[in-house]
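The next block holds one structure in the form of structure tokens; read it before the comments.
The values are calculated or read from the model by the stated rules, or taken from the named source; none is laboratory data. Keep in mind the model is a prediction, meaning the values are calculated, not measured. When we count neighbours, we look across all protein chains shown, and the Cβ atoms used for this are built from the backbone with ideal geometry, even at glycine.
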Amino acid sequence: MLKNIAAYEQVRKEKTISLNLKERQQEREQLDKARLDRENARRVVDGQKPVDSLEALEKQKEEVPDGLLNEAAEITADLDTWLTRNRQASINVSTPARK
């Protein structure tokens, strides 16, 4: 993770870009290779098989459920339930009794 952050910071600090298309393509290939190497190193540590390309990595990520998204959905559902109950309770409390 720290290597990913360092690589991101290095790219972000770049203030110039080559106008030469081949040079930019070479730079992109180097960045992609470095990213793939970092990702494969992380996968080996986690006990997963290395991937051959970034495309294969993206495809695998699409297949894995997003735990953070699922948790956010659960929290939202809980909040909606809580708000609905409290709204009903406040309606019951604020409605004067009829004689």
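For the range 61-99, a tally of residues being surrounded by 10 or more Cβ atoms within 10 Å (Cβ to Cβ), modelled with pLDDT of 80 or more and either within 30 Å of ALA34 (Cβ to Cβ) or of a type in the set (Ser, Thr, Tyr) (or both) returns 3.
The residue pairs whose first member lies in the range 5-25 and is in contact (Cβ under 8 Å) with a residue 12 or more places away in the chain and of a type in the set (Gly, Ala, Ser), whose second member is assigned to a loop (DSSP other than H, G, I, E, B) and surrounded by 10 or more Cβ atoms within 10 Å (Cβ to Cβ), and whose beta carbons are closer than 8 Å, counting only pairs six or more residues apart or on different chains, do not exist in this structure. Would you confirm, using the coordinates I've provided, whether VAL44 is within 23 Å of ALA7 (Cβ to Cβ) and either over 17 Å from the mean Cα position of the chain (by Cα) or at pLDDT 90 or above (or both)? Taking the combined requirement at face value, the residue satisfies it.
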